[in-house]
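The values are calculated or read from the model by the stated rules, or taken from the named source; none is laboratory data. Not measured: the values here are computed from a predicted model. All Cβ positions, even for glycine, are placed from backbone atoms using ideal geometry, and neighbour counts span all protein chains on display.
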Amino acid sequence: MSVFDKAKAKAEQLLGRAEELYGQSHGDAAATLDGEARRAEGEAEEESAERAEAAEEARRDGDDGLAGAR
């Protein structure tokens, strides 16, 4: 995942949190839920990218992920 993709995921998290706070402060349940969903989506994208990056790094290092299983 590129730096741009990581930044986009982090921006989604921040925008989601802002929308969530707006909804909470204004009593807008729809905005609160939309914000929570957007934040969760950003977190999932970031987590997925980190796993993919770790897998790629392990592949480059020749690690098959079974070091402790042998």
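Residues of region 19-35 being in contact with a Gly (Cβ under 8 Å, 6 or more places away or on another chain) and acidic (Asp, Glu), which ones? Within region 19-35, 19, 20, 34 meet the criteria.
Per-residue answers, yes or no, for (1) among the polar types (S, T, N, Q); (2) free of Cβ contacts under 8 Å to residues at least 12 places away in the same chain; (3) farther than 22 Å from residue 5 by Cα:
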| residue | (1), (2), (3) |
| --- | --- |
| 17 | no, no, no |
| 21 | no, no, yes |
| 31 | no, no, yes |
| 39 | no, no, no |
| 43 | no, no, no |
| 53 | no, no, no |
| 57 | no, yes, no |
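Annotation: of all residues in region 41-59 being of a type outside the set (Asp, Glu) and surrounded by 14 or more Cβ atoms within 10 Å (Cβ to Cβ), the one that is modelled with the highest pLDDT is 42.
When residue 32 is tested against (1) under 13 Å from the mean Cα position of the chain (by Cα); (2) surrounded by 15 or more Cβ atoms within 10 Å (Cβ to Cβ); (3) not acidic (Asp, Glu), only condition (1) is not met.
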